[in-house]
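The values are calculated or read from the model by the stated rules, or taken from the named source; none is laboratory data. The structure presented is a predicted model; accordingly, all values stated were derived computationally and were not measured. We place every Cβ from the backbone using ideal geometry, glycine too, and count neighbours over all the protein chains shown. Note: accessible area is taken over every heavy atom of the protein model, side chains too, but ligands, DNA and RNA are not part of it. Shrake-Rupley method; radii C 1.70, N 1.55, O 1.52, S 1.80 Å.
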Amino acid sequence: MKDVAFGQYYPADSFVHRLDPRLKILFLIAYIVAIFVASNFYGLALCAAVLILAVALSRLPVGKVFRAVRGALILVIFTAVINLLFHSGKTVYWSCGILCISKEGILFSAYLVIRLVLLVICSSLLTYTTTPVALTDGIESLLTPLKWIRFPVHALALIMSIALRMIPTLMEETERIKNAQKARGANFESGNPLRRVKAFIPILVPLLLSAFRRADELGDAMEARCYGGKKRVKYKKLRFSWRDLLAAILAAALIAGVVLLRVYLGEIV
Amino acid sequence: MRIVVEHLSYTYQPRTPFAVKALDDVTLTIEEGEFFGVIGHTGSGKSTFVQHLNGLIRLPSSLKRQKKIKPKKGCLPPPPPVLKVGDFDLGDKKTDFRALRKSVGMVFQYPEYQLFAETVKEDVAFGLKNFSEGKPDPRQTEEAVREALSIVGLDYDEIADKSPFDLSGGQKRRVAIAGVIVTRPEVLVLDEPAAGLDPLGKREIMQLLHRIHGSWCKTIVIVSHDMDEIAENCTRAAVFSEGKLVCVLPPSELFRDAGRLTDLGLDIPLTAKLVLALRERGVEIDCNFRTEDFVAAVLARKGGAS
């Protein structure tokens, strides 16, 4: 339960950790665009080089980075196998009905796998290096234009941050209730599937009740502190620094490089 | 059942930046028939300690342990942890943990939040059903539930068919306790059983524990913040601080050295405070810090002086 990689912040003090969250989100988008613009292995190599630099600058343990990939491993393997077997090409090594393995197929699946892995690593880099609070602040700030069409940006950001904040609390609560029922002899590990699902009722009912209770209490606490006033100011103001400028230049260079490589070297197959 | 703990350590989220050492080389023994107190500041490891007692937190198997800790040059490898409850060896993977949990009942903090069934009857019978081999006899089950409810001071005929969520806070807690003691565990572990109750509710819970101690459950282990509770009830108490065991003493000796407890951020019972206040005024009172004993000691002294 405790090793959920999703959205897990890894505390450290590094160049990447200190970047402005708004820019980090934009960089992620820019990077994803770059991956999709890259049409050949040179472009991907450039993307990979930039990502390796970013990971090095973030001081994340390499194991953490690979753990993120492990989560998407099934998807990666599935994509690779499907494309390997169904992509037709000129140089065929083996074929059986509609299935065939060709040189082009191998290259194309390698291309897709590299893309996917880069995607997973760069998005996990964002959640590893940005606290959930900073992330929602950044999203709120980036969505500001939507306020013009009366979209409740602030409420959305608040819902997101409360949801993120409650994930560990609810997991802890689940663990506690599970332990309490285990102490009363509940068995969650054996029996047929139907029995196993039924065994979760003693966890789900108290968990739901406590979630509602918490929501009520939080609502009351917020109201007691006059939440809902029109004007709100931020406790932590986001500011750009020289790091952000440096990173922005790097991102622009990456996009330019990938576009140039696409124009001059063309597609892979 | 005798509980033997040697060199017990536990770390939450090991090998991450969040790693917290919750228990550090704890060694103690709890004899059968004791009313054993566990006290300590928040985060001192006392809850982690009691969760070991019925196998909710397991000892790492010996093989894993050898891999994890590389002995440094020049110093001996740490002694292996031992955790035994009666005949159950909790370090052994083959131990029947269900049988263990039947003999070691565990009442968590705010146990009323674990109620889930549609009726009080069903909720109390939950543990009974889980621990019985095959289908339990409905007559016997009803009898056991009736008995458990009556010992916690509730009337079976009145509340058995009610929803547990319609009861008052104190009633809910007693139903939850009934749901644990219904299987007649030999050892009953309670984590802050009186937390959040009013003074009357607290007293009722403590009276209930005295009713079941010795007869229904032989040994009682209680985690508490309330030093009055410890002074009044316990045969001995263990003091935890930052995962380490500071001492294990009977209350009569423990509260004599008030400075040690206050240094750890802990309170002392009212009687001990009074003894200190009287000592400042030149009156020496010798008692075991129970209210009754304290009053008797004060009266005896007054009688002698006049």
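General remarks:
- Top positive-direction residue, dipole computed over chain B with Cβ charges, set B:GLY243, B:VAL182, B:PRO17: B:PRO17
- For chain B, the Cβ-based charge dipole about the Cα centre amounts to some 1620 debye (Lys, Arg positive; Asp, Glu negative; other atoms uncharged).
- The C-alpha atoms of the protein assembly as shown occupy a region whose extents along the principal axes are 108, 65, 61 Å, arranged from largest to smallest.
- Under 5 Å, built H, 5+ apart or other chain: amide partners of B:ILE268: none
- Chain B contacts chain A over a buried accessible area of about 1900 Å², both sides summed; the probe is 1.4 Å and only protein chains count.
- Global geometry of the range B:250-306, whether rounded, prolate or oblate, following the gyration tensor of its Cα atoms and the 1.5 cut on a/c: prolate
- In the protein assembly as shown, taking the dipole from charged Cβ atoms about the Cα centre, the farthest positive-side position among B:LEU278, B:LEU83, B:ILE3 is held by B:LEU83.
- Note on B:LYS21: aspartates and glutamates with a C-alpha under 12 Å away, same-chain residues under 8 apart excluded, are B:GLU242.
- Measure of compaction for the range A:3-116 (Cα Rg per 2.2 N^0.38 Å): 1.31
- Within 10 Å of each Cβ in A:168-179, the average number of Cβ atoms from other chains: 2
- Dipole magnitude of chain A, debye to nearest 20 (Cβ charges: Lys/Arg +1, Asp/Glu -1, about Cα centre): 500 debye
- In order along the range B:29-36, phi translates into HN-Hα couplings of 10, 10, 7, 5, x, 7, 10, 9 Hz, rounded to whole numbers, per the Karplus curve 6.51 cos²θ - 1.76 cosθ + 1.60 with θ = phi - 60° and x for Gly and Pro.
- Among the GluC sites (Glu not before Pro) within the range B:223-287, those in coil by DSSP and having at most 13 neighbouring Cβ atoms inside 10 Å are B:GLU284.
- Charge dipole of the range A:21-265 about the Cα centre (unit charges at C-beta), most positive-ward option of A:ALA186, A:LEU75, A:LEU23: A:LEU23
- Lysine pair number, Cα distance threshold 30 Å (strictly under), the range A:21-265, separation 8 or more or different chains: 18
- Shape annotation for the range A:85-231: C-alpha extents along the principal axes are 71, 55, 27 Å, from largest to smallest.
- Nearest 10 degrees, 0 to 90: helix A:242-265 Cα axis against chain A principal axis: 40 degrees
- The value for chain A of Rg(Cα) / (2.2 N^0.38 Å) is 1.29.
- Neighbouring Cβ atoms from other chains, within 10 Å of the Cβ of residues in B:117-123, number 1 on average.
- Under 5 Å, built H, 5+ apart or other chain: amide partners of B:VAL38: B:ILE222, B:VAL223, B:SER224, B:ALA238
- Over the residues of chain B, the helix contribution to mean residue ellipticity at 222 nm works out to -11500 deg cm²/dmol, using -39500 (n - 2.57) for each DSSP H run of at least 4.
- For the range A:74-151, trypsin sites (Lys or Arg not before Pro) meeting the loop criterion (DSSP other than H, G, I, E, B) and having at most 12 other Cβ atoms within 10 Å: A:LYS90, A:ARG150.
- Residue with peak Gaussian network fluctuation, chain A [Cα springs, cutoff 10 Å], from A:ARG196, A:ARG239, A:ARG70: A:ARG196
- Listed residues A:LEU46, A:LEU85, A:LEU209, most fluctuating in chain A (Gaussian network, C-alpha, under 10 Å): A:LEU209
- In range of the label at A:LEU194: residues from the range B:117-141 whose backbone nitrogen is under 20 Å from the point 7 Å along Cα→Cβ: B:130, B:134-136
- FRET efficiency, A:ARG67 to A:LEU170 (Cβ-Cβ, R0 25 Å, nearest 0.05): 0.65
- Residue of B:GLU133, B:GLU34, B:GLU118 that the Gaussian network model of chain B assigns the largest fluctuation, springs spanning Cα pairs under 10 Å: B:GLU133
- Considering only GluC sites (Glu not before Pro) in DSSP loops that have at most 16 other Cβ atoms within 10 Å, the longest stretch of chain A without any of them is A:1-188.
- With R₀ set to 56 Å, the beta-carbon distance separating A:LEU265 from A:ILE162 gives a calculated FRET efficiency near 0.70.
- As a ratio to 2.2 N^0.38 Å, the alpha-carbon radius of gyration computed for chain B takes the value 1.11.
- Test item: Cα-centred dipole of the protein assembly as shown, Lys/Arg +1 and Asp/Glu -1 on Cβ, debye: 2740 debye
- 3J(HN,Hα) couplings calculated from phi for the range A:78-95 with the Karplus curve 6.51 cos²θ - 1.76 cosθ + 1.60 (θ = phi - 60°) are, in sequence order, 4, 4, 4, 5, 4, 5, 4, 7, 9, 6, 8, x, 7, 8, 9, 9, 7, 8 Hz; Gly and Pro show x.
- For chain A, the longest principal axis of the alpha carbon atoms and the long axis of helix A:41-58 meet at an angle near 40°.
- Degrees, to the nearest 10: A:21-37 long Cα axis against longest axis of chain A: 30 degrees
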